[in-house]
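Only one structure is covered here, and it is reproduced in the block below.
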Amino acid sequence: MKKQKLNVNGVMVSVKDNDYISLTDIARHRDPDTPAFIVRNWLKNQNTLMFLETWETVHNENFNVEASRDFRLANGSGGFSPTPLKYIDQTNAIGLRSSAGRYGGTFAHSEVALHFCFWFDATFQVYLMKEFQRLKKAEFEQQQISQEWHISKITDYVDNARILLDSIPGQLPENVRVKSEEEE
């Protein structure tokens, strides 16, 4: 699935796989040099970890709740440095996606991304919700147009098949829907 971009008050935010929003792009809004640091700080927050645990429990049958609780307990220790990759690997989370490298970053399901925005900047959250809803509406409208086109093509094929079947000689007159010029 191709990436899309949302323009949220001048900040370009990537969206991929329809519902995953780039936390890295959002964090870059505040600190262009170290957005990963902001995402890690969010992941240190106990409320964040409770939210993620609840969200994953509702949406992910393969989520490892025990590992999530261990992650939350380890988070209180001074030497622990949480990363999205560690959290995903340990808990089998689906609400976050993270990859390293030049084109990497951390993406979150739209509901999780909104939680991040609330922690990060509540005003930005409102504008992100507005733009994301606009994107979803545009996708829905495009899908409707595509479905209408497919339905019209199917209808054309059905009509052509009926005409072809009606042209078979030797049918009972009441079964023929297309009348020849002689019969009209």
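Where a number appears in this text, it was derived from the coordinates with a stated rule and is not lab data. Quick caveat: nothing in here was measured; it's all calculated off a predicted structure. A quick note on method: Cβ atoms are made from the backbone with ideal geometry, for glycine too, and the neighbour counts reach across all protein chains shown.
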Residue within the stretch 66-84 that is outside any helix (DSSP H, G or I) and in contact with a strand residue (DSSP E or B) (Cβ under 8 Å, 6 or more places away or on another chain) present: yes
Consider the stretch 89-117. How many of its residues are over 20 Å from I26 (Cα atoms) and either touching a Lys or Arg at 6+ places or on another chain (Cβ under 8 Å) or assigned to a helix (DSSP H, G or I) (or both)? 3
Take the residues of the stretch 10-27 that are of a type in the set (V, I, T) and not in a strand (DSSP E or B): which is nearest to L114 (Cα to Cα)? I26
Within the stretch 159-168, can you find the residues that are surrounded by 10 or more Cβ atoms within 10 Å (Cβ to Cβ) and β-branched (V, I, T)? I163
What are the pairs, 6+ residues apart or on separate chains, where a residue within the stretch 20-44 that is surrounded by 13 or more Cβ atoms within 10 Å (Cβ to Cβ) has its Cβ under 9 Å from a residue that is assigned to a loop (DSSP other than H, G, I, E, B) and of a type in the set (F, W, Y)? K44/F80
Please work out which residue is surrounded by the fewest Cβ atoms within 10 Å (Cβ to Cβ), limiting yourself to the stretch 79-103 and to residues that are in contact (Cβ under 8 Å) with a residue 24 or more places away in the chain and among the polar types (S, T, N, Q). S81
Among the residues that make up the stretch 130-151, is at least one of them out of contact with any helix residue (DSSP H, G or I) (no Cβ under 8 Å at 6 or more places or on another chain) and in a loop (DSSP other than H, G, I, E, B)? no
